[in-house]
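Trainee: One structure is given below, represented as structure tokens, and several questions about it will come after.
The values are calculated or read from the model by the stated rules, or taken from the named source; none is laboratory data. Bear in mind the structure is a predicted one, so any value in this text is a computation, not a measurement. Backbone-built Cβ (ideal geometry, glycine too); neighbour counts: all protein chains shown. Ligands, DNA and RNA are stripped out before the accessible areas are found, and what is left, the full protein with its side chains, is counted by its heavy atoms. Shrake-Rupley method; radii C 1.70, N 1.55, O 1.52, S 1.80 Å.
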Amino acid sequence: MAQTLPKTMLTILTLLLFSLIVHAQSHQFSRKLPHKSLGLMKEKLSHLHFYFHDIVSGKHPTAVRIAQAATTNTSSTGFGFTVMIDDPLTVGPERNSKIVGRAQGIYAADDLNELSIIMVLNYVFVEGKYNGSTLSILGRNLVTSKVREMPIVGGSGLFRFARGYALAKTHFLNVSTGDAVVEYNVYVLHY
Ligand SMILES: *[C@@H]1O[C@H](CO)[C@@H](O)[C@H](O)[C@H]1NC(C)=O
Ligand SMILES: *[C@@H]1O[C@H](CO)[C@@H](O)[C@H](O)[C@H]1NC(C)=O
Ligand SMILES: *[C@@H]1O[C@H](CO)[C@@H](O)[C@H](O)[C@H]1NC(C)=O
């Protein structure tokens, strides 16, 4: 008896360990994959150029203020105003130029001392092979500076694993309405 008990316990422990290993294998949380298993061959660098139309006025605005703080109106930088956008992206600067995509998301004034906004949005492309692919932007847009740089933090479709940056330059601002056309140069690494 004194000898069989430890033996039985050893058998139970062995079985337990074995079942744990089997269990871990059938529910594997992570594993390493070769790049080619997802068809990722060589990383490419693409340059995209388009115009962003921020239409705040008229009957069909594409940028609408959805929220603000009680103190926004008295803030010199409009701190707290929040705008939802679905802005057209076009090949040329004219409003009726060919649409290559849309900028969908939010921008909001997040700086107490400077006229700067945080951009949290996706470029949703519709042009050619890019149709359905997106790029995600998360960055600071210091509106008063001539060229603003914002990081591209990811993408989908053709832009899976994307990273890069966007350079924004105001092309035209209608000071009476606030409507703006912004030229974008986007440099993005992807596969
Ligand atoms: C801020 O100004 C806007 C536009 O002038 C006005 O519609 C709104 O009621 C004001 N909000 C506050 C909290 O005073
Ligand atoms: C983009 O893809 C959608 C959905 O597949 C399709 O309906 C649309 O016609 C395409 N647009 C262009 C410009 O190819
Ligand atoms: C600004 O927009 C208004 C209203 O659409 C328009 O009448 C005016 O001509 C525009 N100003 C400029 C400089 O384009």
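Trainee: Filter the range 59-105 down to residues that are more than 23 Å from the chain's Cα centre (by Cα) and among the hydroxyl-bearing types (Ser, Thr, Tyr) and give me whichever is nearest to residue 132 (Cα to Cα).
Mentor: 97
Trainee: Another question about this same structure. Condition test on residue 181, is it away from ligand 2 (no atom under 16 Å from the Cβ), closer than 19 Å to residue 61 by Cα and open to solvent by 30 Å² or more (accessible area, probe 1.4 Å)? Step through it out loud before you land on a result.
Mentor: On the way: away from ligand 2 (no atom under 16 Å from the Cβ): yes; closer than 19 Å to residue 61 by Cα: yes; open to solvent by 30 Å² or more (accessible area, probe 1.4 Å): no.
Taking the combined requirement at face value, the residue does not satisfy it.
Trainee: Still on this structure, I have one more. Please verify whether the range 129-151 includes one or more residues that are within 16 Å of ligand 3 (Cβ to nearest atom), open to solvent by less than 60 Å² (accessible area, probe 1.4 Å) and at pLDDT 95 or above.
Mentor: There is no residue in the range 129-151 that is within 16 Å of ligand 3 (Cβ to nearest atom), open to solvent by less than 60 Å² (accessible area, probe 1.4 Å) and at pLDDT 95 or above.
Trainee: Could you tell me which of the residues 48, 15 is surrounded by 10 or more Cβ atoms within 10 Å (Cβ to Cβ) and modelled with pLDDT under 90?
Mentor: From the options 48, 15, the qualifying one is 15.
Trainee: Take the conditions at negative phi, within 16 Å of ligand 3 (Cβ to nearest atom) and among the β-branched types (Val, Ile, Thr) and apply them to residue 62. Does it pass?
Mentor: So residue 62 passes the test.
Trainee: Identify all residues within the range 152-170 that are crowded, with 18+ Cβ neighbours inside 10 Å and under 19 Å from residue 63 (Cβ atoms); write none if there are none.
Mentor: Within the range 152-170, 166, 168 qualify.
Trainee: Out of (1) free of Cβ contacts under 8 Å to residues at least 60 places away in the same chain; (2) open to solvent by 20 Å² or more (accessible area, probe 1.4 Å); (3) within 16 Å of ligand 1 (Cβ to nearest atom); (4) in a loop (DSSP other than H, G, I, E, B), the odd one out for residue 57 is which?
Mentor: (1)
Trainee: Only one of (1) touching a Lys or Arg at 6+ places or on another chain (Cβ under 8 Å); (2) closer than 27 Å to residue 58 by Cβ; (3) among the small types (Gly, Ala, Ser) fails for residue 176. Which number is that?
Mentor: Every listed condition holds for residue 176 apart from (1).
Trainee: Answer yes if at least one residue in the range 78-85 is among the aliphatic types (A, V, I, L, M) and more than 15 Å from residue 184 (Cβ to Cβ), and no otherwise.
Mentor: yes
Trainee: Output the residues belonging to the range 71-86 that are more than 14 Å from residue 114 (Cβ to Cβ) and among the β-branched types (Val, Ile, Thr). First the steps, then the outcome.
Mentor: We begin by selecting, within the range 71-86, every residue more than 14 Å from residue 114 (Cβ to Cβ); these are 71-74, 80-86.
Those that are more than 14 Å from residue 114 (Cβ to Cβ) and among the β-branched types (Val, Ile, Thr): 71, 72, 74, 82, 83, 85.
Trainee: Further question: Would you mention how many residues in the range 60-90 are assigned to a helix (DSSP H, G or I) and surrounded by fewer than 12 Cβ atoms within 10 Å (Cβ to Cβ)?
Mentor: Count: 2.
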